[in-house]
Amino acid sequence: MFLFLGSHPALDFLNTRYAPDANAVECIGDGRAFIDWLVQVGLLEAAGAAKMKRRFGPQALDAASEEARRVREWARGFIARWREAPAADYGREVAQLNGLLARGSSRREVVVSEGRLRLTESQRVESVDELLALVAVQIASLITNEEPALIKDCASSVCTLSFLDRTKSHRRLFCSPTVCGNRAKVAAFRERQRKD
Ligand SMILES: [Zn+2]
């Protein structure tokens, strides 16, 4: 099951592997799942995705998903270090990220949307290699546009998800108030009862 609780596609990407209650779940275990995730997170159009599945075949897409999983774990480490020390020297990581970005080809155009003119940038995907560029753009946007201090790990001790705190008060604690937030409340309630 895909989770979109990260409030940023780059963090949703990291969250494609999570471990609720110590059981690891892999959401992009093969090419088909990786493509489906790209569509659901909004980085790939459904029509384009169907065409890619037909054109490139399962083997090439499986290889892309394998690379995506590798890039994900690399990005997880990079983002964690950057959160700890935003001003450190990330020359090597940036070079790697730029390598992924260079695979993509984007098109800029002015469009009319809701009565206003807007500049949009869309990524064209002509090859399997370019799929990783879609994800790289999001990682790049996270580390260049967002505050490292607002990238947080869910406060639940049994949850491994990360999210970008976009709340005004910057006091978001949980990936999901209904799942992890409630679980924490229940645990605190039980703890209080135990002590009484
Ligand atoms: Zn959580």
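Farther than 21 Å from Lys152 by Cα and touching a residue at least 40 places away in the same chain (Cβ under 8 Å): which single residue out of Glu109, Glu114, Glu67 fits that description? Answer to the check: Glu67.
Hey, among the residues in the range 163-178 that are exposed (fewer than 12 other Cβ atoms within 10 Å of the Cβ) and not small (Gly, Ala, Ser), which one's nearest to the ligand (Cβ to nearest atom)? Steps first, please.
First, pick out the residues of the range 163-178 that are exposed (fewer than 12 other Cβ atoms within 10 Å of the Cβ): 166-171, 178.
Applying the additional criterion that residues be not small (Gly, Ala, Ser) yields 166-168, 170-171, 178.
Values: Arg166: 16, Thr167: 15, Lys168: 21, His170: 17, Arg171: 15, Thr178: 10 Å.
Result: Thr178.
If I go through the range 148-162 residue by residue, how many of them are closer than 17 Å to Asp12 by Cα and more than 11 Å from the ligand (Cβ to nearest atom)? Here the count works out to 3. Scanning the range 116-162 for residues being open to solvent by 60 Å² or more (accessible area, probe 1.4 Å), among the hydroxyl-bearing types (Ser, Thr, Tyr) and at pLDDT below 95 gives a total of 2.
Is it true that some residue in the range 187-195 is within 16 Å of the ligand (Cβ to nearest atom) and out of contact with any Phe, Trp or Tyr (no Cβ under 9 Å at 6 or more places or on another chain)? Show your work before the answer.
Initial filter on the range 187-195 (within 16 Å of the ligand (Cβ to nearest atom)): 187-188.
Subset that is out of contact with any Phe, Trp or Tyr (no Cβ under 9 Å at 6 or more places or on another chain): 187-188.
The answer is yes, given that some residue of the range 187-195 is within 16 Å of the ligand (Cβ to nearest atom) and out of contact with any Phe, Trp or Tyr (no Cβ under 9 Å at 6 or more places or on another chain).
The values are calculated or read from the model by the stated rules, or taken from the named source; none is laboratory data. Given the structure is predicted, the values throughout are model-derived calculations rather than measurements. A quick note on method: Cβ atoms are made from the backbone with ideal geometry, for glycine too, and the neighbour counts reach across all protein chains shown. Note: accessible area is taken over every heavy atom of the protein model, side chains too, but ligands, DNA and RNA are not part of it. Shrake-Rupley method; radii C 1.70, N 1.55, O 1.52, S 1.80 Å.
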